[in-house]
Amino acid sequence: MNAQAADTPGTGRLVLLTTSHRVAPGVLSWPAWQTLHAADAVLCPDPDHPQLPYLREAGVAVETAAPTARELVDACAGDRTVVVLATGEGDRDLTDGLARLAGSGRVAMPDLELLPGSYDLPGARLLDLVEVMDRIRRECPWSSRQTHRGLAKYAIEEAYELVEAIEDGDREELREELGDVLLQVVFHARIAEEAEEEPFSLDDVAGGLVEKLVHRHPHVFGEETAETPEQVKEHWLRTKAVEKRRASVTDGVPLGQPGLALAAKLASRVRNAGLDVEPPSGEGVGYALLELAARAEADGVDPEAALRAAARAYRDAIRAAEGHPAG
């Protein structure tokens with residue numbers, strides 16, 4: 001609600017104080033605390049509002065009441081400041097009533113102010129996601145029965161759909177597919193909380209990722225320097241090698257990934273390790289593809305993406321031969 005200056009002396013001030021349920025109750029901005037302590041009256045329509053115990057502990061007298069817009073305007077008369085603690089569902093009836101009074105031109109209105117008492121930090125909606133996922137896991141007949149193994153195929157499908165959205169350049173589809181991939185992470189983490197042995201939560205997943213990112217970016221969080229992408233990659237590979245302590249450069253390469261991607265990954269490991277291992281030669285298309293994948297990786301080309309692009313062109317040619325527009 002935009003502030004509206006009152007032309008008539010003594011009309012007072014009406015403050016609608018909003019708070020975020022994603023921020024711990026009692027954690028309010030300094031302007032909010034100043035306004036609350038200086039107010040002539042603090043009203044809250046919700047007797048179960050999570051902020052009430054903390055306000056009262058801080059010495060703020062709060063009256064549980066749900067006055068009408070007209071009653072609030074009258075309560076501000078005589079230069080009084082009245083604060084209304086907004087409910088989590090919002091106060092549409094109240095704000096609409098105040099707007100009607102202000103628009104009528106027949107009522108001397110107080111100064112109207114919307115004061116955010118707490119703000120959502122970046123990533124705050126992830127808290128909502130965790131809460132929703134927890135409820136779905138407990139109450140949904142399908143979701144409550146899922147296992148890591150049963151969901152594995154969906155992670156693969158969603159990852160491919162994300163890649164397709166990136167290659168199509170569809171921003172709306174990209175946002176949706178990122179959400180679907182995130183769902184897989186949150187779902188698996190929620191299932192992991194129920195494990196009898198070595199349970200972990202989404203916080204544990206995020207905490208481990210934070211530690212990894214900080215450790216592998218000493219040029220950002222430490223004293224090392226990196227001015228080029230190549231230097232950053234050197235830092236990453238060096239710290240990763242220390243963390244993993246692998247006996248072979250092939251350790252950790254998932255053999256179940258698509259063949260071209262597997263071949264390129266192995267070639268990348270060989271090249272980064274400075275090993276002199278040429279792709280084996282042999283009869284058949286497999287060895288020819290292996291050589292092409294290794295060559296593509298050395299040239300900085302993702303062979304999987306290159307083949308997908310060629311396959312898309314082939315698909316368009318097929319559709320054109322059928323008399324259909326390109327998909």
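Read-outs: derived from the displayed coordinates by stated rules, not from any lab. This is a predicted model, so every value here is computed, not measured. Here the Cβ positions follow ideal geometry from the backbone for every residue, glycine too, while neighbour counts run over all protein chains shown.
For this structure, a couple of remarks:
- Label point distance in nm, A159-L209, each placed 7 Å from Cα along Cα→Cβ: 1.4 nm
- Distance between modelled label sites at R149 and H37, nm, 7 Å Cα→Cβ extension: 6.1 nm
- Taken as Cα centroids, the range 173-240 and the range 100-115 sit 50 Å apart, rounded to the nearest whole angstrom.
- Under the combined filter of DSSP loop state and at most 10 neighbouring Cβ atoms within 10 Å, the range 113-197 retains these chymotrypsin sites (Phe, Trp or Tyr not before Pro): W142.
- Counted residue by residue at 0.36 nm each, then reduced by the alpha carbon distance between them, the extension gain from W30 to D46 reaches 3.5 nm.
- Distance violations [Cα-Cα > 19 Å] among K244/K265; K153/K233; K212/K240; K153/K212; K212/K265; K153/K240: K153/K233; K153/K212; K212/K265; K153/K240
- Considering only Cα atoms, the convex hull volume of the chain works out to 276 Å³ per residue.
- Taking one quarter of the surface of the C-alpha convex hull of the range 177-327 gives a mean projected area of 14.5 nm².
- Seen from L98, the other residues with C-beta closer than 15 Å to its C-beta sum to a net charge of -2, counting Lys and Arg as +1 and Asp and Glu as -1.
- If R0 is 35 Å, the Cβ-Cβ spacing of H219 and E197 corresponds to a FRET efficiency of close to 0.40.
- Loop-located chymotrypsin sites (Phe, Trp or Tyr not before Pro) in the range 200-271 (DSSP state other than H, G, I, E, B) with a sparse environment of at most 16 neighbouring Cβ atoms within 10 Å: F200.
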